[in-house]
Structures are given as structure tokens and as C-alpha cells.
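Undergrad: Questions regarding the structure given below will be posed in turn.
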Amino acid sequence: MDENNNQDGEQIIIFEEKITKVNGEVAIKRYQRGKFLGKGGFAKCYEATNLENKKVLAAKIIAKSSLTRNRARQKLVSEIKIHKSLQNSNVVQFEHVFEDHENVYILLELCCNQTLNELIKRRKRLTEIEVQCYVAQMINALKYLHNNNVIHRDLKLGNLFLNKNMELKLGDFGKRELFAELPNYIAPEVLDGKVGHSFEVDVWSLGVIIYAMLIGKPPFETPDVKSTYKKIKLNQYSFPDQVQISDNAKQLIQKILVLEPNKRPTLDEIMAHSFMNSGGTIPKVLPLSTLACPPSIQYNKQFQQPSRASETAQSNPKMATVRPNISSERQDQFGATSGLNTGYNGGYNSSQRPSSQKPQDFKQSVSTKSLNQFYTSGTLQNQQSIKQKYEIFVRRWVDYSSKYGLGYLLSNGATGVFFNDSTKIILDPKTQEFEYLERKGTDKQDAIEKFSINSYPKELQKKVTLLQHFKSYLDADSKTITSSDTNDYDPFQSVYVKKWMKTRHAIMFRLSNKIVQVNFTDKTEIILSSENKLVTYVNKLGERSHYPLATALDSQNQEMAKRLKYTKEILTHMLNGNTNVDIRNPE
Ligand SMILES: Nc1ncnc2c1ncn2[C@@H]1O[C@H](COP(=O)(O)OP(=O)(O)OP(=O)(O)O)[C@@H](O)[C@H]1O
């Protein structure tokens, strides 16, 4: 591998394949190493661009020094041999292999949306329509493998990749050390060391995967390998009460997870099971937005039986009403933005206040005592104007900063995005006009430009599309938006998130109306209006109370006072530009 610097001083790493022709001439193919994708037992994986045709691939680079053991070499050879022979729309495409004196390079189809393992970590669990979509694709891959007499033997969430179009791709054909890691997905007969175990081991793992996708963790998970073995061998697992899944889903898992291999259903039987086959259609692929959040109600409607589509229970993630006739149309909500795909690391979170916790009327909710104190502090302005400014806060938010930014919905109905490049966008819910804020040069203030959602400069296309996707997600629970919310929208005073930061215990927003809002993980909230010298506290039950800022720290309400102190601390960090702090628990 050669290392060089480009004009900007960035390091460029090139690796080359030398091909010696029959006539002795040497041809060289060059690849530029790109972003690091991950590390396996033997390989480091990077994006790699073929400099001849600019095709971007995944390169698994294996140091020859790690292959000193015969067994490791044999396993690598068998991985390459098997993988090279496979071609299926749901199997990671093997592109090429070559070596130099240092490394072996395996070039594969790039799956830039990571694996289902990262997806589940991010999303916690998936909805049934998503699980059906992934199971249908897994079955397609497994049928192909089994028809070609290949047993994968190492099916797990981490080997199920997602490419830029969100197609599921089964990868990693290099089962090396069987017991190298926690054996969560391994079939009991494999653990027993029974010889001749067959295709049914993959079916078992598929059952474990279905369980893990729906429940959020594998069924036999324990802190140590020995207890997991024991649980698998005794087939000891249960469905937690706190996660609701359909009876069809439970039945399918129970049918698959049986100790006797030949009693497990075949792949065709799984495909014909009522979990996969009870009305509606299964999307061929899922929208990119599902990397961060569940598909919207509108999206799900397209795949439900017409009779079910009108039911209000759609918000229930239990969706077992799909048939296995896969819809041929791509239903990618992000369609136009698929070029935005890059790797994805990190978290997702969202906060939503039940609609019953809509802000109460200012007059009713401020106690007479605190109001008196407030009046005497001499800062009271027109009560109506306070109400308006004071009421604008962040109602819902989605942290997708690992890729794009923070999306949020304000209490006045406006949707905004704080992009990772610090530009901001805020959409007027009534006129469908948006403001785009960008800091230019050395300016201290953001420059504000106004456009309509139907006409804006081409370079804003990705951002507007993202705004719309954030909006459709944040609006998904229509109960949280009422027309009275949008009536609060004041076109002359558009409010947006100016800064935000997250700690282990809270997320903090600083709004352009000088409001600081902190949402704690225990659902309590502080809203600090420096302009009105007012603190609003939302307790764990969603009840709101208001305190004059001057006396709030000494308040009888210890719970609130602690959180206010915490707010002041993070605010100081935020104002000093330290957004990467982790402050002690507010308690
Ligand atoms: N085709 C691909 N596209 C994108 N990322 C990939 C691709 N193949 C592998 N990776 C990523 O590269 C990392 C290393 O891959 P590798 O297959 O070596 O890992 P592994 O399966 O964990 O290792 P092992 O084979 O030792 O179990 C993984 O984190 C994986 O997510």
C-alpha cells in the first residue's frame, strides 16, 4: 500500500493489483482506500474506489501476518471459494480478490447502511412490517444457498447487511471459530457436536433473528456463554410482557425454535406462515428513514389490506396483516436522496409528550403567589406576548446527527432541522415557506434566506428532502399537532433551534427566542425563558408549573431546583462551546 498526500494535505492510501500478462507485461489496477467500515476477527474493512471506473466497493483487507496458522489460511480460502461462487440479489456480491506481499484484498459489494445489528441497537426493535420485509429477503438468500448446497452456519444480525438501496444482503461466508463469541444464534444440535447437521441450523438461526428483531435482544441471551448454551439446549426462552408482538409472530418463532431439527419448518413453510401471509403486501425494501425511526403510518397504509387500512389501530406497531406477494414497486421514501447514503454510526432518540400534556393556559397554570413575585420583579410585559413567546418550545425531536442532523417539531407547528454543518432550516406550517439559515464567512449572525417548498435553489434539494422526511416522521402521531398549534405560528418571528447538545441524562435546546429547554431522560423538563425571567417545570407526570427565575433555585420543589442547577451547568458548557461533556446525574 502506498501513502501520499493530496492538495489539501490529506493522506491518500492507494493499493494496487499487479497483473502479469502471459507476455510478461505488468498491468496495474489501483484502488483508493476510503472510509473505515469496521474490523472483524481477521480483516479490516474499508471503502475502496476503483480508480479506473470509480466504482466504490468494500475492501476487506487481511494482513498475511495474521494468517500464520494453517487453519486460518484454510478458512480464508474456503470463504473466498464459497463466496466467489455465489450470485443472488440478497447475497453480498463478491467482486474480486487479489494479494500483495503484505495483505489479501477481498473486494465486495459495498453495503453502506451497516448491518441489522447496528440497526437494532439504534432502533431497539423493529415493527412487524419491517421484520416481514427482512425475513422475505433472508428466505430468498437462504433458499438460494440451500439449493446450491451451501449452509451458512453463522447467520446473525451482524451478517445481514443493508446496501444503499436498503436491500438486505447476506454476507460473511467465513465461519472460522465456531465458539469464538457468544453463541446466541447457534442451533442446539451444533452445540451438541452432532455430526451431519444440515440446513435446519440456518432455519434455527432465522428464528432467533426474527425474535431478536421483534423483541430487541436474542431469546437465549445471558451474560455468559455457559448459561446461554444451557438455555439453548433446553430451549428455554420466553416472550417479555412489556413488548407486544402479534400471536402470528409468536407462533412462527415457536414453530422454528424446536430442538428436533427435522421438526422445524422449511423455508417455504415459513414463507407460507400466517405471520408472512395475512393480507396486504410486504414492501420489497424499506425506506431509508427506517434506519432511524419506524415507518410512518402513511407508509404502512400502502401495504395493509384495504379494510385494515382505515382502522385507527394503525399506530399499533403490531402489524401482522401482510401477504408474501412482495410489492414490486420500490417504496423508498427517501428515493431522490439515496445519494446521501454514507456509513452510519450512532444513536437515535426521540422524545414525545403525550397530547394530554399540551401547554396549559398561562393564566391558569401560574400560581398567584409566583405571579405576584413575578410582577414585582418588574419584568412583566404584556401577558399575551409572554404567552406566545413562552409557549414556543420543542415538542418532539429526532437525533439523527450521526448522519444528518437534529429534526424537531415546535409547539407552534413549525418543523426544523439543525444540520450537522450548522445550517438550519425552519418550515412555516401554514404557507409551506421555509427559512434557510447559514453563517457566511466571518459573520457572527446567520444569514437568513426565505424560499417556498415548491421553489428553492437546487443545492438545497437534499436538505429540503431531509426536512420533509423529518417532518413526516415527526407528524406521524397526528395527535401531537393540532390546528391551534399552527395558529400560534407567527411568520414575523420564526423561532428555530440555534444550538443543541446532549448529555447522558438530558438533551438541551437553545431556541432563537432565547428559550433554553432541557428534556431529561426521566421525562421531566425545564423551560427557561431568560427574557421573561420565568422557569417552567414539567414533572414526571407531565404536570407543568411556573416559577420566577429569581427564586426558582431556592424553590421548595427540590426535584425542579436540582434540574435547574443542572440546566445552568450545561448551559455554561454550551455557551463556552463545549458540546461534548458528560455531566453527573441531575439527581
Ligand atoms: N460488504 C460490506 N460492506 C460494508 N461493510 C462491510 C462489508 N463487509 C464487511 N463489512 C464491515 O467490516 C467489518 C469487518 O468485516 P468482517 O467480515 O471481517 O467482520 P466479521 O464478520 O465481524 O469478522 P469475522 O469474519 O472474523 O467474524 C464489519 O464490521 C462489517 O460490518
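Undergrad: Under the definition of Cα pairs under 8 Å and six or more residues apart, what whole-number percent is the relative contact order of region 48-149?
TA: 28
Undergrad: Given a 1.4 angstrom probe, I'd like the percentage of the accessible area of region 393-475 that is carbon and sulfur, rounded to a whole number.
TA: 46
Undergrad: To the nearest 10 Å², what's Cys45's accessible area with a 1.4 Å probe?
TA: Answer for Cys45: close to 30 Å² accessible.
Undergrad: Pulled fully out, how much extra length does the chain show between Asp241 and Arg30, if you take 0.36 nm times their separation in residues and subtract their Cα-Cα distance?
TA: 70.5 nm
Undergrad: Let me ask you something else. Taking the Cα atoms of region 503-586 alone, what are Rg (to one decimal) and Dmax (as a whole number) in Å?
TA: For region 503-586, the Cα-based Rg and Dmax read 11.9, 33 Å.
Undergrad: Related question: Which three numbers, in whole Å and largest first, are the semi-axes of the equivalent ellipsoid of region 14-109 derived from its Cα gyration tensor as √(5λ)?
TA: Ellipsoid half-lengths, sorted descending, are 20, 18, 15 Å.
Undergrad: Moving on. Applying the Karplus parametrisation 6.51 cos²θ - 1.76 cosθ + 1.60 with θ = phi - 60° to the phi angles of region 256-272, what ³J(HN,Hα) value in whole Hz is obtained for each residue in order, glycine and proline being reported as x?
TA: 7, 7, 10, 5, 6, x, 6, 8, 6, x, 7, 4, 5, 5, 5, 4, 8
Undergrad: To continue, here is another question. Per 5 Å bin from zero, what fraction in whole % of the C-alpha pairs of region 393-475 is there, up to the bin with the longest pair?
TA: For region 393-475, the binned pair fractions read 3, 15, 28, 26, 19, 8, 1, 0 percent.
Undergrad: If you roll a 1.4 Å probe over the heavy atoms of the protein chains, what accessible area per residue do you get for region 14-109, in Å²?
TA: In whole numbers, region 14-109 has 58 Å² accessible per residue.
Undergrad: Can you give the convex hull volume per residue for the Cα atoms of region 114-292, as a whole number of Å³?
TA: Residue-normalised Cα hull volume stands at 121 Å³.
Undergrad: Taking the Cα atoms of region 121-178, what is the range of coordinates along each of the three principal axes, in descending order and whole Å?
TA: Cα extents, longest axis first: 32, 25, 21 Å.
Undergrad: Within region 14-109, what whole-number % of the accessible surface is contributed by carbon and sulfur, with the 1.4 Å probe and all protein chains included in the calculation?
TA: The computed percentage sits at 50.
Undergrad: Could you give each residue of region 48-59 its phi-based ³J(HN,Hα) in whole Hz, using Karplus coefficients 6.51, -1.76, 1.60 with θ = phi - 60°, and x for Gly or Pro?
TA: Taking θ as phi minus 60°, the curve returns 9, 9, 6, 6, 7, 10, 6, 6, 9, 10, 9, 10 Hz for region 48-59.
Undergrad: Given H placed on each backbone N at 1.01 Å, which residues far from Lys55 in sequence or on other chains put an amide H within less than 5 Å of it?
TA: Asn50
Undergrad: Past 29 Å, Cα to Cα: identify those pairs from Lys169/Lys403; Lys124/Lys250; Lys54/Lys81; Lys156/Lys250; Lys230/Lys255; Lys39/Lys440, in the order given.
TA: Table pairs above 29 Å Cα-Cα are Lys39/Lys440.
Undergrad: Taking H placed 1.01 Å from N in the peptide plane, check which residues at least 5 places from Asn277 or on another chain put their amide H under 5 Å from its amide H.
TA: Answer set, sorted by chain and number: Val322.
The values are calculated or read from the model by the stated rules, or taken from the named source; none is laboratory data. Since the model is a prediction, treat every value here as computed from it, not as a measurement. Just so you know, the surface numbers come from the protein's heavy atoms only, side chains and all, with ligands and any DNA or RNA stripped out. Shrake-Rupley method; radii C 1.70, N 1.55, O 1.52, S 1.80 Å.
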